[in-house]
Amino acid sequence: MPSGGRSSSQSLQTQQQPSCPAAAILDGLREHLGSERFAVWFGEACRVEVGAGRDGSQHVTLYHDPGFAGDWLRRTFHADLQAVAEQCCGGSVELAWQPLAAPTGPPGGESPQPSQRKAAASRRRTPKATGAVGSGAEPAQRSERRSTAAAGPAGGLPGRQPVRLEDFVVGTSNRMAYAAVELAVNRLGEMSPVLLHGPSGVGKSHLLAAIHRKAREVRPGMSALMLSAEQFTTNFLQALQGKGLPGFRRSCRSVDLLVVDDLQFFIGKRATLLELQSTVDTLHRAGKQIIFASDRDLESLSELGSELTGRIRGGMTAAVMPPDGEVRRGIVAGLAARRQLELPPEVITYLADHLTRHARELIGGVNRLEAASHMLGVPITLELAQESLVDLIRSSSRSLRLADIERAVCTAFGIGDAELQSARRSRAVNHPRMLAMFLARKHTGAALTEIGRYFGRRSHSTVISAEKTVRKWLQSQAPVVLADASWDIDQAIRRVEDVLRAG
């Protein structure tokens, strides 16, 4: 690839406006490879620059994620990029592959070239002035005009701000999960695999993306790869159909950190599950770090097989529960600060107290408030929040059914789906069943006979007895055994109610 040592005639050539748009090359490559495959191997980190090359040809440079093996990307996709670039540029092109430079300035930022200021303004990461411009280039060369494009995630927003660990709000509902991934990245391989589990909308994917980014910032030389389970499956099957299986395995098994979201997606996919198991075994033997996330706990993932679940048991599991009041207030305040919105404390509290199911609901509430304030030309006040959020709050406080109570208790304590309706009378099942009956009386309008019939065809007197027992637990504040673990009863009830709020 040409560098800062180019001749003056070559420098003059690069100052000509390229006729081949970089955006067209990215779009063409995405279409050529397919959105899923493009997102895995290129995705948000990918950049393309087009300039004048030797002998009047155009010079195309692809800046790829430094977490990937550049030689493998070049060998695997060079012909694809060559074909797309020549088609877009209408003639021969010179290709170069370069990793994105690690940031040397303030955290989260890199030195953009002048032609990339629009991208920087929209909070996009831009490649440092290296590669085709060259670290030894003259100032005139740095200001040469180029056609530059940045590839956003497939189906995502092009200007989406990267997720930062500093933006993750920590509270009692997620403190253990936060500590687990932070410790895992600081001591790679000592605590592996790590499994984060919890219902949808509680911040698992946010935390995965943030820790993946943080790991690469604190360890610039490390190789890190983050995939959803669906992306892993799609690319594995594509590799099987072609000749890319060795390359796919190298890309997944040669990293220092592998992050996989939606682990439950692998259930029922035997071939992909065997591939994942082999990948986990390879990385574990090499002392590398693996982090998973799932919408259910380990006990509910038994269909993944005893080998994989056994390996996870030897690492670390941590729950991410629906955000509690402290976390909800932090999410709203942090979002307002990043958007430079003036939210009075009473508005922050109002949002946190009334939109309680998950973080996405809070984001939607802030979006509605910002739009209402802009439309009416008035500042955000408690009165405006009460008027503009009435329908969101109404949908958030939906009526609960007995099935919702059952699901929440099972999720909170890792109990099998059919246990509470079974005839089992062991303490590990009977105590959670009594708690479920108590919460059914508290949160639903179901009759005693209906509750008893639902939870194992029991009589209405059994429901009355269960309610009295839980009230005694609350009065005595003695530890209670729920699903083979000792719980403070207030904490246990809050845990179930947090799951109910998350929907």
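The values are calculated or read from the model by the stated rules, or taken from the named source; none is laboratory data. Remember, it's a predicted structure, so these values are computed and weren't measured experimentally. Note that we place each Cβ from the backbone using ideal geometry, even for glycine, and neighbour counts take in every protein chain shown.
When the criteria are applied in full, residue 280 fails the requirement of being hydrophobic (A, V, I, L, M, F, W, C) and in a loop (DSSP other than H, G, I, E, B).
Each row is one residue, and each column tells you yes or no for (1) under 30 Å from residue 245 (Cα atoms); (2) in contact with a Ser or Thr (Cβ under 9 Å, 6 or more places away or on another chain).
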{"position": "279", "(1), (2)": "yes, no"}
{"position": "310", "(1), (2)": "yes, no"}
{"position": "318", "(1), (2)": "no, no"}
{"position": "323", "(1), (2)": "no, yes"}
{"position": "334", "(1), (2)": "no, no"}
{"position": "352", "(1), (2)": "no, no"}
{"position": "358", "(1), (2)": "no, yes"}
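The condition of being exposed (fewer than 12 other Cβ atoms within 10 Å of the Cβ), within 24 Å of residue 199 (Cα to Cα), without any contact (Cβ under 8 Å) to a residue 24 or more places away in the chain and not β-branched (Val, Ile, Thr) holds for only one of 394, 457, that being 394. Annotation note: of 358, 374, the sole residue that is surrounded by 18 or more Cβ atoms within 10 Å (Cβ to Cβ) and not assigned by TED's automatic domain parsing to the domain that holds residue 442 is 358.
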